[in-house]
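In what follows, a single structure is set out as structure tokens and then discussed.
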Amino acid sequence: MISNTIDQEIKKAMLAKDQAQLRGLRAIKAALLLAKTEKGSAEEITEDTEIKILQKLIKQRKESSDIYKQQGRADLAQVEDEEIDVIGQFLPKQLEKAEVEELISKIISAAGASSMKDMGRVIGLANKQLAGKADSKLIAEIVKSQLA
């Protein structure tokens with residue numbers, strides 16, 4: 001579980017006085033604690049849920065970084081990019097675009113999809129199968145191009 005290693009990593013970052021690492025780790029810990037206490041449930045969150053939370057954190061930071069870059073605030077964009085790198089360490093290795101294209105073409109043929117009408121169903125299947133391994137925006141683009 002990711003949450004178990006976060007505390008140890010926070011201690012290491014504090015000892016090393018690595019502020020960028022510490023910021024990212026604290027963001028992860030806060031998001032996981034929030035998810036754990038959300039809805040009043042005392043149960044542990046699953047590893048899949050943890051991965052979804054981390055992907056959401058990365059997506060938020062990418063959006064912020066893009067906005068900062070558009071506004072000419074490279075200093076703030078760098079902070080967001082550093083946190084993206086830290087959070088990304090705890091995600092499974094992302095697949096290359098060619099690998100995703102190959103897997104999606106298999107999903108399309110297995111589902112018997114042939115037109116854009118099947119796009120939603122194929123994207124749903126692909127997101128389930130590739131959860132945590134590929135960006136959902138990339139999946140949607142590839143499905144759209146292969147069904148077109």
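The values are calculated or read from the model by the stated rules, or taken from the named source; none is laboratory data. Given the structure is predicted, the values throughout are model-derived calculations rather than measurements. Here the Cβ is made from the backbone with ideal geometry for all residues, glycine too, and neighbour counts use every protein chain on show. Just so you know, the surface numbers come from the protein's heavy atoms only, side chains and all, with ligands and any DNA or RNA stripped out. Shrake-Rupley method; radii C 1.70, N 1.55, O 1.52, S 1.80 Å.
Across the chain, the longest piece that holds none of the trypsin sites (Lys or Arg not before Pro) lying in DSSP loops with up to 12 other C-beta atoms within 10 Å covers 18-92.
Could you please put Asp135, Asp48 in sequence from largest to smallest accessible area, using a 1.4 Å probe? Provide the component values of the computation, followed by the final result.
Numbers: Asp135 80, Asp48 110 Å².
Largest to smallest exposure gives the sequence Asp48, Asp135.
In the chain, Cα pairs under 8 Å separated by at least six residues give a relative contact order of 21 percent.
The residues of the chain present an accessible area of 64 Å² per residue when probed at 1.4 Å with all protein chains retained. Spread over its residues, the convex hull of the C-alpha atoms of the chain is 144 Å³ per residue. Sorted into 10 angstrom bins from 0, the C-alpha pair distances of the stretch 50-102 split as 25, 41, 30, 5 percent.
When both the stretch 1-35 and the stretch 114-146 are represented by their alpha-carbon centers, they are found 32 Å apart.
Roughly how many percent of the accessible protein surface of the stretch 1-125 is carbon and sulfur, given a 1.4 Å probe and a whole-percent answer? In the stretch 1-125, the share of accessible area belonging to carbon and sulfur is 53 percent. Bridging of Lys117 to aspartates and glutamates at a Cα separation below 20 Å is possible for Glu101, Glu141, once same-chain residues fewer than 8 apart are set aside. Angle between the Cα long axis of helix 47-70 and the longest principal axis of the chain, 0 to 90 degrees, nearest 10? The answer is roughly 80 degrees.
Rolling a 1.4 Å probe across all protein chains gives Ser3 an accessible area of roughly 30 Å².
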